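The values are calculated or read from the model by the stated rules, or taken from the named source; none is laboratory data. Predicted model, so just to flag it, every value in this text is computed and none were measured. Virtual Cβ from ideal backbone geometry, glycine too; neighbours counted across all protein chains shown. When the accessible area is computed, the model is the full protein with side chains, heavy atoms only, and any ligands, DNA or RNA have been set aside. Shrake-Rupley method; radii C 1.70, N 1.55, O 1.52, S 1.80 Å.
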Amino acid sequence: MDDRDISQAVISRLPRYYRYLGDLKDDGIERISSQELSELMKVTASQIRQDFNNFGGFGQQGYGYNVEYLYNEIAKILGLNEKHNLVIIGAGNLGKALANYVNFERRGFIIRGAFDKNPALYGKELRGVTVQPMDNMEKFITEHNIDIAVLTIPKDEAVKVAERLVACNIKAIWNFAHVDLNVPDDIVVENVHLSDSLMKLSYGIANTQRR
Ligand code: NAI
């Protein structure tokens, strides 16, 4: 099946399935029915079946799904069976925090390099990775087979840096800068705005009657 046939809504639910299945696997659970998964995840069983049917249904036979098989299949769909090499652009508070989160590596996202325009940061280490000047960025990305650039720089700087990333054939940008990047369609951009999540939380508070 062509991935483009699958809705973004379905894709955006897969990481959550993956997390729950990972926990079930760690707890030694071998099989689970869509009803049980539904109760655990608080989504309807029919939603789960519909989502999984996009990928052929994952062979639910008799009693439920095989947890490990489902976990591995979702990993493949999410591309987690391959390692991805990352660079961090902007070694400030956010860049450092991301570099220090070890679980990305467990998922196959390996931070290979970090870059900043502030000379005071050159040579500093972010969990084993040395911060380098921006002048080294293109050569490093090309020579180290870097797939993903993590943009943790101010929005005024992000557009120009994104152009440089496009020019050196980066595959994907994980964009934390608060600006929409205008890049060619074959470059994957995932925008992350923690403040959007906080605004949703605020909406929830404003629209929930406390019992
Ligand atoms: P920070 O000021 O601690 O770090 C920014 C770093 O980027 C600095 O080290 C600076 O020298 C570097 N930098 C600036 N321009 C650059 C360029 N052209 N090339 C390379 N390096 C450059 O700021 P912090 O807290 O790490 O935040 C970084 C950016 O991320 C901010 O613009 C902030 O608005 C944004 N942010 C976004 C969040 C989100 O959820 N999307 C959450 C937190 C921050």
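Miscellaneous remarks
- Among (1) under 25 Å from LYS155 (Cα atoms); (2) in contact with a Ser or Thr (Cβ under 9 Å, 6 or more places away or on another chain); (3) among the charged types (D, E, K, R), the one test that LYS117 misses: (2)
- Residues that are open to solvent by 70 Å² or more (accessible area, probe 1.4 Å), within 24 Å of ALA162 (Cβ to Cβ) and without any contact (Cβ under 8 Å) to a residue 24 or more places away in the chain, drawn from the stretch 72-116: ASN93, TYR101
- Members of the stretch 148-169 that are more than 10 Å from the ligand (Cβ to nearest atom), under 18 Å from ALA91 (Cβ atoms) and more than 16 Å from the chain's Cα centre (by Cα): ALA162, LEU165
- Top-ranked residue of the stretch 59-71 - restricted to ones that are surrounded by fewer than 16 Cβ atoms within 10 Å (Cβ to Cβ) and part of a helix (DSSP H, G or I), ranked as farthest from the ligand (Cβ to nearest atom): GLY59
- Any chance LEU126 is at pLDDT below 95 and in contact with a strand residue (DSSP E or B) (Cβ under 8 Å, 6 or more places away or on another chain): yes
- Any helices (runs of 4 or more DSSP H) falling wholly within the stretch 93-163 and containing at least 3 residues that are of a type in the set (A, V, I, L, M): 93-99
- Failed item, numbered, when ALA9 is tested on (1) under 24 Å from HIS193 (Cβ atoms); (2) crowded, with 16+ Cβ neighbours inside 10 Å; (3) aliphatic (A, V, I, L, M): (2)
- Test set (1) open to solvent by 70 Å² or more (accessible area, probe 1.4 Å); (2) within 14 Å of the ligand (Cβ to nearest atom); (3) within 26 Å of GLN8 (Cα to Cα) - ILE173 fails condition number: (1)
- Subset of the stretch 131-170 (residues that are open to solvent by 60 Å² or more (accessible area, probe 1.4 Å) and under 22 Å from TYR101 (Cα atoms)): HIS144, ASN145, PRO154
- Filter result for THR208 (among the β-branched types (Val, Ile, Thr), touching a residue at least 12 places away in the same chain (Cβ under 8 Å) and open to solvent by 60 Å² or more (accessible area, probe 1.4 Å)): no
- Scanning the stretch 59-105 for residues being among the hydroxyl-bearing types (Ser, Thr, Tyr) and within 20 Å of ILE170 (Cβ to Cβ) gives a total of 0.
- Test: MET137 is within 13 Å of the ligand (Cβ to nearest atom), of a type in the set (A, V, I, L, M) and in contact with a Cys (Cβ under 9 Å, 6 or more places away or on another chain): yes
- Only one of the numbered conditions (1) within 16 Å of the ligand (Cβ to nearest atom); (2) closer than 19 Å to LEU86 by Cβ; (3) open to solvent by 70 Å² or more (accessible area, probe 1.4 Å) is violated by ASP196, and that is (2).
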